[in-house]
Each structure stands twice: as structure tokens, then as C-alpha cells.
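**Q** There's a structure below that I have some questions on.
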């Protein structure tokens, strides 16, 4: 799906500042509000809220900055997260529940349990993750609206 | 059961959104301090029992449409947390009880209907 172009259905671009846990969740709240009133069921909106929240927390935890883009297609919602972070050396390992490189300051806040990427995958219908060490990480999650 | 009855029965102290207690229906509950765990496994309408006090708990409760948050063990939510919860309409209650006891009592109350 990497070559797909959803640019015509772009609903919003949200900038995220790394290490800013105070504002964590604000982008997810904005995404949730954007989805309401568009005929999308509450349960699907909550799935997308989980995906967006985890993507937001990952950028805040590990990257200097990043963006989340929201696309609304007639049959799906697409969340794309890009960051200029350290990248993920071993994606299979990062997708194992419980694996985390978070430091204590992140864990004290109740994050960094090694569940974030697993949650994103679990709540997505289509999940794509690519990363280059030293350059950043790209994540795309697609949630279908009809099943 | 509405949140007001639950809070009164357990003697929980409400820190914000008093006006929402009566109209908020508690459908179930979830306990946890790992935010990703709560994000993944809680359900809409759950009362969330936690020891976390920082403002990110408000985002979790709001995003998952939880009924409210019970902060246990005499912990006091940060001022920023209460301010944000007021803004987002998320009731926060506190108690001196430990999580085990709170969860047990809520479970029994909800089971008895």
C-alpha cells in the first residue's frame, strides 16, 4: 500500500513536539473530534483514537518531532505517522509485546510498556511500519469503515 | 448504576465534574496503571481505577469515553490534571483505599446491579 496516494482525502496534518508529555493526547483528541459527526460509528472512532494516541506517544517518547496525518476515504480512515527519530533497528522485535527501549522517566508516566505498536497493529485492519536507523520511522494504519 | 450512586456508596471524593455524576452511567470497570493497557482493554462507560495522577490520564479517559477515573491510595491528582479533566468533562474521584479494595467493592456493586 506504500504507493497509494490518499492526498485528496487529507483531513488534517498535526505537528507533534518530541518529549512534550504535557500535551500528549491533544492531537488524538483533535483527530477524534474531526471524525465525529461524519457518520462513523463510535466504536470505530475509539479504535482510531487508540491508534492515534499510541502513534502520538511514540513520537513524543522517541523523536525530536513528527507529524500525524489523517485521511478520510469513503470506505476507510488512514492514519500516517512520520517522525525524524532514531528509527527502529529490528521491527520484528519492536512488535513483540513487552519489548521496549523506553527509559525510566517515560515508564513512570505509565508509558513504555512495550504495548504501543502492538496496540496499533491490533486495532488496524492494515498496518505498515518502515524505519531507517538514524533517520526516522513511518507508520500507516488503515481502519476500514465497513467491517 | 450512575456515577453519583457509586461515588456515594464508596465514599469517593469528587475533584471535578460534579454536575456529570448523576447523568453518567457506569457500565463496567477497568483497573490499571499502564496507559497502553487501559487504552487497549477498557470499554466505553467503564470506571477506571488507577494510581496514576498526571494529566495524560485525562486524555486516555476522554479518548476511550470512560465514565470517570478513581485515583486510589490517597494520591492527589496534579492541579493540571484536574483542570484538564474539568475542561474535557471527565469526572475524577479520589479515595484513601488501595486499588484492590476499591476494585472489589466496585465489582460487587456493579454485579448486584
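The values are calculated or read from the model by the stated rules, or taken from the named source; none is laboratory data. Predicted, not measured: the structure shown is a model, and the values here were computed from it. Backbone-built Cβ (ideal geometry, glycine too); neighbour counts: all protein chains shown.
**Q** Between a residue in region A:104-129 that is at the interface with chain B (Cβ under 9 Å from one of its Cβ atoms) and any residue that is surrounded by 18 or more Cβ atoms within 10 Å (Cβ to Cβ) and part of a strand (DSSP E or B), which pairs come within a Cβ distance under 9 Å, given they are 6 or more apart or on different chains?
**A** A:110/B:50; A:123/A:141; A:123/A:143
**Q** Name the residues in region A:103-117 that are over 17 Å from the mean Cα position of the chain (by Cα) and not in a helix (DSSP H, G or I), would you?
**A** Step one: list which residues in region A:103-117 are over 17 Å from the mean Cα position of the chain (by Cα), which gives A:103-110.
Listed by number, the residues that qualify are A:103, A:108, A:109, A:110.
**Q** What about residue B:63, is it within 14 Å of another protein chain (Cβ to nearest Cβ) and either closer than 15 Å to residue B:105 by Cα or modelled with pLDDT of 95 or more (or both)? Walk me through how you get there before you give the answer.
**A** Details: within 14 Å of another protein chain (Cβ to nearest Cβ): yes; either closer than 15 Å to residue B:105 by Cα or modelled with pLDDT of 95 or more (or both): yes.
So residue B:63 fits the description; yes.
**Q** State whether one or more residues within region A:46-55 are more than 9 Å from chain B (Cβ to nearest Cβ) and either farther than 21 Å from residue A:100 by Cα or free of Cβ contacts under 8 Å to residues at least 24 places away in the same chain (or both).
**A** yes
**Q** Among (1) more than 10 Å from chain A (Cβ to nearest Cβ); (2) touching a residue at least 12 places away in the same chain (Cβ under 8 Å); (3) exposed (fewer than 15 other Cβ atoms within 10 Å of the Cβ), which single condition is residue B:29 missing?
**A** Every condition holds for residue B:29 apart from (3).
**Q** Of everything in region B:33-57, what is crowded, with 21+ Cβ neighbours inside 10 Å and in a loop (DSSP other than H, G, I, E, B)? Give them in sequence order.
**A** B:42, B:52, B:55
**Q** Collect the residues in region A:7-46 that are in a strand (DSSP E or B) and exposed (fewer than 12 other Cβ atoms within 10 Å of the Cβ), keeping them in residue-number order. Break it down stepwise before answering.
**A** Initial filter on region A:7-46 (in a strand (DSSP E or B)): A:10-17.
Once the filter is applied, which keeps residues that are in a strand (DSSP E or B) and exposed (fewer than 12 other Cβ atoms within 10 Å of the Cβ), region A:7-46 yields A:13, A:15.
**Q** Separate question: Any idea which residue in region B:68-87 is surrounded by the most Cβ atoms within 10 Å (Cβ to Cβ), counting only those that are more than 20 Å from residue A:111 (Cα to Cα) and within 14 Å of chain A (Cβ to nearest Cβ)?
**A** So, considering only residues that are more than 20 Å from residue A:111 (Cα to Cα) and within 14 Å of chain A (Cβ to nearest Cβ), the one surrounded by the most Cβ atoms within 10 Å (Cβ to Cβ) is B:83.
**Q** Answer yes if at least one residue in region B:1-20 is over 24 Å from residue A:57 (Cβ atoms), part of a strand (DSSP E or B), over 12 Å from the mean Cα position of the chain (by Cα) and modelled with pLDDT of 95 or more, and no otherwise.
**A** Checking region B:1-20: at least one residue is over 24 Å from residue A:57 (Cβ atoms), part of a strand (DSSP E or B), over 12 Å from the mean Cα position of the chain (by Cα) and modelled with pLDDT of 95 or more.
**Q** Residues that are more than 13 Å from residue A:136 (Cβ to Cβ), more than 10 Å from the chain's Cα centre (by Cα) and within 11 Å of another protein chain (Cβ to nearest Cβ): does region A:62-74 have at least one?
**A** no
**Q** Then there is this: So which residues in region B:66-102 are part of a helix (DSSP H, G or I) and under 17 Å from residue A:23 (Cα atoms)?
**A** Selection gives B:79, B:80, B:81, B:82, B:83, B:84, B:85, B:86, B:87, B:88.
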